[in-house]
There are 2 protein chains.
Amino acid sequence: MSKKTPVKRARTKQRRLSPEERRQEFVAKATEFFAEEGFGGGTRALARRLGVTQPLLYRYFPSKDDLIKEVYRTVYLEPFGDGWEKLLGDRTRPLRERLKEFYAAYTGVIFSRKWLRIYFYSGLKGLELNRSYVGIVRDKILTRIIRECRNEAGLSAQNKPSAAELEMAWVFHSGIFYYGVRKFVYEAPVLESKEQMISDAVDALIAGFASVFGEKEEARKVAVKAVV
Amino acid sequence: MSKKTPVKRARTKQRRLSPEERRQEFVAKATEFFAEEGFGGGTRALARRLGVTQPLLYRYFPSKDDLIKEVYRTVYLEPFGDGWEKLLGDRTRPLRERLKEFYAAYTGVIFSRKWLRIYFYSGLKGLELNRSYVGIVRDKILTRIIRECRNEAGLSAQNKPSAAELEMAWVFHSGIFYYGVRKFVYEAPVLESKEQMISDAVDALIAGFASVFGEKEEARKVAVKAVV
DNA sequence: GCAGTTGTTTATCGCCCGATCACTAATTAA
DNA sequence: TTAATTAGTGATCGGGCGATAAACAACTGC
């Protein structure tokens, strides 16, 4: 309320950080700020949260848009490890186990209010960034998962998944994704155990994939299709 | 670019609409506008799109926020029919058929750039509206679906679905939902046939539900759980 | 045709926004 | 100690925002 008193910070006491450290500190705090306020949030409010004055931002970033681009970079590109692809393809371990471990790790990164809200804000802004992210998920994750599901269901290996297979993987993946959205964005009640949610979803995917695409379960599949 | 020339619209020619018609026209156009620009879009730009001047909006709506509330109302509340609950529970028809018909109708309503973007913008704004929408989906749709899945899997009827069952229904429902998001918000390529996507997802749900929760498939279930 | 009512515009207010500039304080190098 | 460099601030600019008030234009009933 009474933000009138300028408080007169004791400027001399706190240790001065190196320029790069300071910059990173600004980006990190800005990420939290924009996650809450959206990219329409003002630079003055942001500066207030950083404990500095607004013009100082312009010493570290040429414009607000440049700052936002840095926020994107740290949120999207940094966390995407490449050990994940290997994990998914490691056939010395059961597929269920691999999938559960992968999604435990993946959701460990993206299931936070900050990550998800930045993701949606940038998506609504129409940035090509989201489209490219969707492409990465498709190529690095879903294509691998389908390959393993085909193997699990006793189907012949083929490099390219069919559009229908890819779509089923998307439905599965998005279902898990949306658990995080409900919990961290809508703050709606969810199943308390994330692990069980993932476990059940993985089981359903493997069973469903075999049911829809499997040859070894042709009897079931025919019965399914006959109803339609 | 050269918006300088005021264009001097021929004001006398166009027929004057009744006040209520005019109001509804404004709300409809405002919905499209906010879906694209977000609720941060300016009233001047909106008025320009409506072909009127900005102060005129304030004769029809006391404030910008009131206009936004009307937009919510028409987007969320109007389309939600109540024949859907009956459709889901109609056991004279096969479950697969009911689910496919329901999701064909449901996605027919919500799968549009307009609907989905308004949904996300309001969700990010922190409005309680989204949380209540989530509650409606849970009670009116998912609870019914689980009841029918239990019946299909030969399980005893119980009124309240378990949290794990509800979560599996959410994963399934969200997976379908996200097909629309990918197509209409991210404008990413999707399986061209929405019907097949729904059909496969429904098949996977029924097979997956039986696999995870079914008693008649206890052997498979035990095998599944043993891996973990 | 005129009065009253309703629809619409022009002009404007106060506010907040992103950005810039000139200045001061703190740190570093000699 | 002093000169140069860097970090940070206060004041301010032009512009867009939501909202208001007063004037004007167009219908309506008499």
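Inside the stretch B:90-111, residues that are hydrophobic (A, V, I, L, M, F, W, C) and touching a residue at least 40 places away in the same chain (Cβ under 8 Å) make up a count of 5. Scanning the stretch A:56-79 for residues that are more than 21 Å from the chain's Cα centre (by Cα) and either more than 23 Å from A:Phe26 (Cβ to Cβ) or within 10 Å of DNA strand C (Cβ to nearest atom) (or both) returns A:Leu56, A:Leu57, A:Tyr58, A:Arg59, A:Phe61, A:Pro62, A:Ser63, A:Lys64, A:Asp65, A:Asp66.
Can you tell me which residues in the stretch A:178-192 are more than 8 Å from chain B (Cβ to nearest Cβ) and either of a type in the set (Gly, Ala, Ser) or free of Cβ contacts under 8 Å to residues at least 60 places away in the same chain (or both)? Matches in the stretch A:178-192: A:Gly180, A:Pro189.
The rows are residues; the columns are (1) closer than 17 Å to A:Tyr133 by Cβ; (2) surrounded by 21 or more Cβ atoms within 10 Å (Cβ to Cβ); (3) more than 19 Å from the chain's Cα centre (by Cα); (4) of a type outside the set (A, V, I, L, M).
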site: B:Trp170; (1), (2), (3), (4): no, yes, no, yes
site: B:Gly175; (1), (2), (3), (4): no, yes, no, yes
site: B:Tyr178; (1), (2), (3), (4): yes, yes, no, yes
site: B:Ala188; (1), (2), (3), (4): yes, no, no, no
site: B:Glu192; (1), (2), (3), (4): no, no, yes, yes
site: B:Gln196; (1), (2), (3), (4): no, no, yes, yes
site: B:Val202; (1), (2), (3), (4): no, yes, no, no
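For first residues located in the stretch A:147-163 and touching a residue at least 24 places away in the same chain (Cβ under 8 Å), partners that are hydroxyl-bearing (Ser, Thr, Tyr) and lie 6+ apart or on another chain with Cβ distances below 6 Å do not occur.
Among the residues of this structure, A:Tyr60 does not count as one that is open to solvent by less than 70 Å² (accessible area, probe 1.4 Å), more than 30 Å from A:Phe209 (Cα to Cα), modelled with pLDDT under 95 and not aliphatic (A, V, I, L, M). Among the residues of the stretch B:29-55, those that are more than 15 Å from DNA strand C (Cβ to nearest atom) and open to solvent by 40 Å² or more (accessible area, probe 1.4 Å) comprise B:Glu32, B:Glu36, B:Glu37. The residues listed here are B:Glu165, B:Glu128, B:Glu152; of these, the one that is open to solvent by less than 10 Å² (accessible area, probe 1.4 Å) and over 11 Å from the mean Cα position of the chain (by Cα) is B:Glu165. Can you confirm whether B:Gly175 is without any contact (Cβ under 8 Å) to a residue 12 or more places away in the chain and within 13 Å of chain A (Cβ to nearest Cβ)? The answer is no for B:Gly175. Of everything listed in (1) of a type outside the set (S, T, N, Q); (2) more than 14 Å from DNA strand C (Cβ to nearest atom); (3) open to solvent by less than 90 Å² (accessible area, probe 1.4 Å), the single unmet condition for B:Asp82 is (3).
Considering the stretch A:18-73, and only residues there that are without any contact (Cβ under 8 Å) to a residue 40 or more places away in the chain, assigned to a loop (DSSP other than H, G, I, E, B) and within 14 Å of another protein chain (Cβ to nearest Cβ), the residue that is farthest from B:Lys125 (Cα to Cα) turns out to be A:Gly42.
Counting only helices (runs of 4 or more DSSP H) that fall entirely inside the stretch B:104-216 and contain at least 1 residues that are farther than 25 Å from B:Thr74 by Cα, the qualifying elements are B:143-152, B:163-180, B:194-213. Pairs linking a residue in the stretch B:119-137 that is at the interface with chain A (Cβ under 7 Å from one of its Cβ atoms) to a residue that is hydrophobic (A, V, I, L, M, F, W, C) and outside any helix (DSSP H, G or I), with Cβ atoms under 6 Å and 6 or more positions apart or on different chains, are B:Tyr121/B:Phe39; B:Arg131/A:Ala188; B:Val134/A:Ala188. Each residue in the stretch A:99-115 was checked for being over 23 Å from B:Pro189 (Cβ atoms) and either facing chain B (nearest Cβ under 10 Å) or open to solvent by less than 10 Å² (accessible area, probe 1.4 Å) (or both), and 5 of them qualify.
The values are calculated or read from the model by the stated rules, or taken from the named source; none is laboratory data. The structure presented is a predicted model; accordingly, all values stated were derived computationally and were not measured. Here the Cβ is made from the backbone with ideal geometry for all residues, glycine too, and neighbour counts use every protein chain on show. Each accessible area value is taken on the protein alone, full model and side chains, heavy atoms only, with ligands, DNA and RNA left out. Shrake-Rupley method; radii C 1.70, N 1.55, O 1.52, S 1.80 Å.
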